[in-house]
Amino acid sequence: MFNTIRVKTRIKSVPSKSRPKKAASRVSRANGRATAERILKFARHEITTAGPVEFNIDRVLRKSKVSRSSLYHHFTSREGLITALEFERAYKETISEMELIRNFVLNASDLQKVFDSIEFALIAMGEKRGHERRRHRIETLAAGIRSPALQRTLADAQVAGSNHFIETLQLATEKQLIAPTEPLSGIAYVIQSLFVGRILVDLTGDSELDKAWVTTTMSTIKSLLIPGTPPARNPTNR
């Protein structure tokens, strides 16, 4: 009987000891996010007024009243902070583009018109502006590996953008525009990885290879969204 009482007492005491630690951890994470957002608030103003070349990190620290060690903890360096700002800009542009895709889907009666619009956008993104956006994206991802705080920011942004894309695919499925057999979440990430992976083609500077990438990417997207779609024929077959 006494053994039973002692066991019960020990079991009850475990949660009471762990709760303060969990609460403290939540507070610490919340404070960390608040500090990172405060830095970003003043850094946005700095990069808007001074630009990335003349970006002055000391001015950001002075106005935000955040210590240099805190800034380096969250963004690793001046370059890491600028990269985070660039990602934020690119993310807003991505959401804007996804809204356009959603509008195409909502108003489309013919899926081929949607595919034509996507192909037109892919061709346009083969220009200099598209190259710069992909380069910024890769630089941001690389910086995120070295900064846990930036990595969390990137993850949050990626999940939000992907969820938006998944919802668009769901709407297209409900309208019977597409008939995917694979999970929509998987399809969304595969398509996005194709877009980011185009940086490998950018490195070559080969315009013919870029055209082949567009053709192959469109075939891949069609096969994911409408299984059984025959692949596009490429006369060059490179």
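Conditions (1) modelled with pLDDT of 85 or more; (2) within 25 Å of ARG134 (Cα to Cα); (3) in the same structural domain as ASP156 (by TED's automatic domain parsing), marked per residue:
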position	(1), (2), (3)
GLU46	yes, yes, no
GLU54	yes, yes, no
VAL60	yes, no, no
LEU71	yes, no, no
GLU93	no, yes, yes
GLU97	no, yes, yes
ILE101	no, yes, yes
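Looking across ARG89, ARG129, one residue alone is modelled with pLDDT under 80, closer than 24 Å to THR168 by Cβ and among the basic types (Lys, Arg). It is ARG89. When region 132-152 is limited to residues that are farther than 14 Å from GLU86 by Cβ and among the charged types (D, E, K, R), the one that is surrounded by the most Cβ atoms within 10 Å (Cβ to Cβ) turns out to be ARG152.
Output the residue which, of all residues in region 158-171 that are under 13 Å from LEU225 (Cβ atoms) and polar (S, T, N, Q), is surrounded by the most Cβ atoms within 10 Å (Cβ to Cβ). The selected residue is THR168. The numbered conditions (1) surrounded by fewer than 17 Cβ atoms within 10 Å (Cβ to Cβ); (2) not in a helix (DSSP H, G or I) are all true for LEU106 except (2). Within region 172-201, the set of residues being over 22 Å from GLY130 (Cβ atoms) and surrounded by fewer than 14 Cβ atoms within 10 Å (Cβ to Cβ) comprises GLU174, LYS175, GLN176, ALA179, THR181, GLU182, PRO183, SER185, GLY186.
Mind checking whether some residue in region 141-163 is acidic (Asp, Glu), more than 11 Å from the chain's Cα centre (by Cα) and part of a helix (DSSP H, G or I)? No, region 141-163 contains no residue that is acidic (Asp, Glu), more than 11 Å from the chain's Cα centre (by Cα) and part of a helix (DSSP H, G or I). Per the listing ALA155, ALA179, the residue uniquely closer than 18 Å to PHE87 by Cα and assigned by TED's automatic domain parsing to the domain that holds SER219 is ALA155. Looking only at region 65-80, residues that are in a helix (DSSP H, G or I) and of a type in the set (A, V, I, L, M) come to 1 in all. Scanning region 152-174 for residues that are at pLDDT 90 or above, farther than 11 Å from LEU184 by Cβ and touching a helix residue (DSSP H, G or I) at 6+ places or on another chain (Cβ under 7 Å) yields a total of 1.
The values are calculated or read from the model by the stated rules, or taken from the named source; none is laboratory data. Please read these numbers as outputs of a predicted model, since none were measured by experiment. Note that we place each Cβ from the backbone using ideal geometry, even for glycine, and neighbour counts take in every protein chain shown.
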